[in-house]
Amino acid sequence: MTNRFSFSLKATDGRARTGTISTPRGEVRTPAFMPVGTAATVKAMLPESVRDTGADILLGNTYHLMLRPTAERIARLGGLHDFMNWQRPILTDSGGFQVMSLADLRKLDERGVTFKSHIDGSRHELTPERSMEIQRLLGSDIVMCFDECPSLPADESRVADSMRLSMRWAERSRAAFGDRPGHALFGIQQGGVTPELREESAKALTDIGFDGYAVGGLAVGEGQEAMFGVLDYAPEMLPHDKPRYLMGVGKPDDIVGAVARGIDMMDCVLPSRSGRTGQAWTRRGQVNIKNARHQDDPRPLDESCGCPACRSYSRAYLHHVFRAGEMISGMLLTWHNLHYYQDLMQGLRDAIAAGRLEAFTDEFHALRAEGDIERL
Ligand SMILES: [Zn+2]
């Protein structure tokens, strides 16, 4: 166990990388998928079950936690790890993105953002300094810079102004974070879909110096083709020896494409959220368990999957409990989806280490193209 934060690359295959992030709370194998524990829980899952799926690290949301139960209360109760019973690494976002998407009556200026809580209408302020304070109170292992990002498509001058504001905030975040051995601060590259702006942002961030770098401002409505277009050049602008994080991504094929383009970390609510709406992700694509075709089907969701939903339950049962509105439906499908995502990450790590990522990717797409198993 280390008392410092570090990143070591083990192997590369094309632009794809595999390695290890070491923290005092444990190691994170990369490329890594981080399940989202929005309100100090990965919905419908016990923390030990999340770990059983293969997750090394969780993501917590600053915006949600600052409003309820508040960062100060979590700090008094021993920090987020103890509070939610997850002793492994936690990454927290800065709150900036969710303020913009969830809060009411936002006002943005050079200092930060003031807004009204979507829960009770109370007034709050988030600045780079306050975001660093909240993430410190939570005890986050990987802290994200406070930034601002426009939805795409957006006017290029708006993207440029926003990126430059985010770079000034990155400098303030760095200063406010201070020196905290064992904890990491990541900068966030912005610049939309304009290479010159991405380059300017990468240079500003590397001049400040961070422990890792996110490719920000993607997965905000631009579509996969445009996202991959940016990922074809943006990650390479960031330091090779530091982890690269793509925020809020994504679907399994987004993940495979992003990893092939040099991304080391990702997070998304998709596997847990879709588990609660009857959607399962398998090697053969998406399965809608609501569909009547499953109601007499004694076969598992995916016979090659080792998760509890696939080991011990039939499609017919999963269909029934979803239709009956039983809680176990969300629990089992979330477990399966998180397990599938972590299996996919392990497959990617192994393929990169063996220098066979292209073959892995071909198999991944071929199986999905076949679609779900034939109905009985
Ligand atoms: Zn399964």
Among strands (runs of 3 or more DSSP E) entirely inside the range 59-141, those with 2 or more residues being crowded, with 23+ Cβ neighbours inside 10 Å are 90-92
Which residue, of Asp362, Asp372, is within 14 Å of the ligand (Cβ to nearest atom), among the acidic types (Asp, Glu) and either assigned to a helix (DSSP H, G or I) or under 30 Å from Arg29 (Cβ atoms) (or both)? Asp372
All positions within the range 343-359 that are within 23 Å of the chain's Cα centre (by Cα) and in contact (Cβ under 8 Å) with a residue 40 or more places away in the chain: Asp343, Leu344, Met345, Gln346, Leu348, Arg349, Ala351, Ile352, Ala353, Leu357
Within the range 172-182, identify whether any single residue is more than 19 Å from Arg111 (Cα to Cα), assigned to a loop (DSSP other than H, G, I, E, B) and among the basic types (Lys, Arg), and answer yes or no. yes
If Asp253 satisfies every condition in (1) under 19 Å from Thr92 (Cβ atoms); (2) surrounded by fewer than 23 Cβ atoms within 10 Å (Cβ to Cβ) but one, which is the exception? (1)
Count - residues of the range 319-359 that are out of contact with any strand residue (DSSP E or B) (no Cβ under 7 Å at 6 or more places or on another chain) and assigned to a loop (DSSP other than H, G, I, E, B): 5
Is it true that Val28 is at pLDDT 95 or above and in contact with an Asp or Glu (Cβ under 6 Å, 6 or more places away or on another chain)? yes
Given the structure, is Ala280 in contact with a Cys (Cβ under 9 Å, 6 or more places away or on another chain) and among the aliphatic types (A, V, I, L, M)? no
Inside the range 148-171, the number of residues satisfying the requirement of being crowded, with 18+ Cβ neighbours inside 10 Å and either modelled with pLDDT of 95 or more or in a helix (DSSP H, G or I) (or both) is 8
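Okay, residues lined up against (1) in contact with a helix residue (DSSP H, G or I) (Cβ under 6 Å, 6 or more places away or on another chain); (2) near the ligand (Cβ under 9 Å from one of its atoms):
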residue: Arg311; (1), (2): no, yes
residue: Arg315; (1), (2): yes, no
residue: Val321; (1), (2): yes, no
residue: Ala324; (1), (2): no, no
residue: Ser329; (1), (2): yes, no
residue: His336; (1), (2): yes, yes
Could you tell me whether any residue of the range 217-237 is modelled with pLDDT of 95 or more, buried (at least 16 other Cβ atoms within 10 Å of the Cβ) and closer than 18 Å to Phe5 by Cα? no
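The values are calculated or read from the model by the stated rules, or taken from the named source; none is laboratory data. Keep in mind the model is a prediction, meaning the values are calculated, not measured. Every residue, glycine as well, gets a Cβ built from its backbone with ideal geometry; the counts of neighbours run over all protein chains shown.
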